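The values are calculated or read from the model by the stated rules, or taken from the named source; none is laboratory data. The structure presented is a predicted model; accordingly, all values stated were derived computationally and were not measured. Backbone-built Cβ (ideal geometry, glycine too); neighbour counts: all protein chains shown.
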Amino acid sequence: RKEVEQDPGPFNVPEGATVAFNCTYSNSASQSFFWYRQDCRKEPKLLMSVYSSGNEDGRFTAQLNRASQYISLLIRDSKLSDSATYLCVVNMGGGKLIFGQGTELSVKP
Amino acid sequence: GAVVSQHPSWVICKSGTSVKIECRSLDFQATTMFWYRQFPKQSLMLMATSNEGSKATYEQGVEKDKFLINHASLTLSTLTVTSAHPEDSSFYICSASPLGAEAFFGQGTRLTVV
């Protein structure tokens, strides 16, 4: 079993759609959680951290359920510029990150 | 935010030669840095943890004699791909975490071995 597993992609959605990504992790000792965005042939960029209380940043909402070891990301009112690969990332401590395989999102006009 | 600089951003080399990739933390000291590799359409895979002043810690399946890591100062880690072969062609990227939480990535190095 992979340490971090994500929804298989790609997700092809029209502009304005709401899209949800799911992720599970296997190591209960994982310390912190993130969603990163990666554009083609570029380094990953932090999208947002994920907290148990849930957190929102504009059109993006992230949730963490430690009991079920589940992380989610919701994108509302999708824009063309949201097209990218979204990476679920778990920090094992000290900056050591384990990445999910990524889910590709393509937002169409 | 913190800045991590990686160099070169791309390199083409002949099979059998060695390539050195540098990763620098520009505005913070990093006792630990991480090296990842990403093949096309795949996620980033952790290769090794670079520890300042001591030996790197390699992930299972990564050959330490092929991927030499040196972390001689608090702001510089280098990855040398020795005797490179076409199957080593990949996107190599480093990261460091000033406070042990959010990671900052270098720009990545696209290696092509011909």
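Applying the condition of being of a type in the set (D, E, K, R) and over 28 Å from residue B:93 (Cα atoms) to segment A:32-67 and asking which residue is farthest from the other protein chains (Cβ to nearest Cβ) yields A:59.
Residues are listed down the side, and each one gets a yes or a no for (1) at pLDDT below 95; (2) touching a Gly at 6+ places or on another chain (Cβ under 9 Å):
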| position | (1), (2) |
| --- | --- |
| B:58 | no, no |
| B:62 | no, no |
| B:67 | no, no |
| B:70 | yes, no |
| B:82 | no, no |
| B:85 | no, yes |
| B:99 | yes, yes |
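Note on segment A:28-42: residues that are at pLDDT 90 or above and in a loop (DSSP other than H, G, I, E, B) total 1. Criterion applied to B:48, B:30 was being farther than 22 Å from residue B:11 by Cβ, within 14 Å of chain A (Cβ to nearest Cβ) and of a type in the set (A, V, I, L, M), and the one residue passing it is B:30.
Considering (1) exposed (fewer than 14 other Cβ atoms within 10 Å of the Cβ); (2) closer than 30 Å to residue B:57 by Cα; (3) among the hydrophobic types (A, V, I, L, M, F, W, C); (4) within 16 Å of the chain's Cα centre (by Cα), the lone condition that residue A:48 does not fulfil carries the number (1).
So in segment B:20-37, with the set limited to residues that are of a type in the set (A, V, I, L, M, F, W, C) and buried (at least 21 other Cβ atoms within 10 Å of the Cβ), which one is farthest from residue B:70 (Cα to Cα)? Among residues in segment B:20-37 that are of a type in the set (A, V, I, L, M, F, W, C) and buried (at least 21 other Cβ atoms within 10 Å of the Cβ), the one farthest from residue B:70 (Cα to Cα) is B:30. Within segment A:68-86, can one find any residue that is surrounded by 16 or more Cβ atoms within 10 Å (Cβ to Cβ), within 12 Å of chain B (Cβ to nearest Cβ) and either at negative phi or within 9 Å of the chain's Cα centre (by Cα) (or both)? Yes - at least one qualifying residue is present in segment A:68-86. Of all residues in segment A:56-76, those that are closer than 15 Å to residue A:88 by Cβ have Cβ atoms under 8 Å from Cβ atoms of residues that are part of a strand (DSSP E or B) and of a type in the set (Asp, Glu), 6 or more apart or on another chain, in A:62/A:56. Test residue A:18 against the criterion of being more than 17 Å from residue B:43 (Cα to Cα) and either more than 12 Å from every other protein chain (Cβ to nearest Cβ) or at pLDDT 95 or above (or both), and give yes or no. Answer is yes for this residue. Can you say whether residue B:59 is acidic (Asp, Glu) and either out of contact with any strand residue (DSSP E or B) (no Cβ under 9 Å at 6 or more places or on another chain) or away from chain A (no Cβ under 12 Å) (or both), as far as the supplied structure shows? No.
Output the residue which, of all residues in segment A:21-31 that are within 14 Å of chain B (Cβ to nearest Cβ) and surrounded by fewer than 16 Cβ atoms within 10 Å (Cβ to Cβ), is nearest to residue B:96 (Cα to Cα).
The first filter runs over segment A:21-31 and keeps only residues within 14 Å of chain B (Cβ to nearest Cβ), leaving A:21, A:23, A:25, A:27, A:30-31.
With surrounded by fewer than 16 Cβ atoms within 10 Å (Cβ to Cβ) added as a condition, the list becomes A:27, A:31.
On the way: A:27: 22, A:31: 16 Å.
So, considering only residues that are within 14 Å of chain B (Cβ to nearest Cβ) and surrounded by fewer than 16 Cβ atoms within 10 Å (Cβ to Cβ), the one nearest to residue B:96 (Cα to Cα) is A:31.
Strands (runs of 3 or more DSSP E) fully within segment B:1-103 that include at least 2 residues being in contact (Cβ under 8 Å) with a residue 60 or more places away in the chain and in contact with an Asp or Glu (Cβ under 9 Å, 6 or more places away or on another chain): B:4-7, B:32-38, B:90-96. For segment B:79-114, residues that are away from chain A (no Cβ under 14 Å) and buried (at least 19 other Cβ atoms within 10 Å of the Cβ) total 5.
Rundown of residues vs (1) among the small types (Gly, Ala, Ser); (2) part of a loop (DSSP other than H, G, I, E, B), yes/no style:
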{"position": "A:52", "(1), (2)": "yes, yes"}
{"position": "A:56", "(1), (2)": "no, no"}
{"position": "A:63", "(1), (2)": "no, no"}
{"position": "A:67", "(1), (2)": "yes, yes"}
{"position": "A:81", "(1), (2)": "yes, no"}
{"position": "A:86", "(1), (2)": "no, no"}
{"position": "A:89", "(1), (2)": "no, no"}
{"position": "A:94", "(1), (2)": "yes, yes"}
{"position": "A:101", "(1), (2)": "no, yes"}
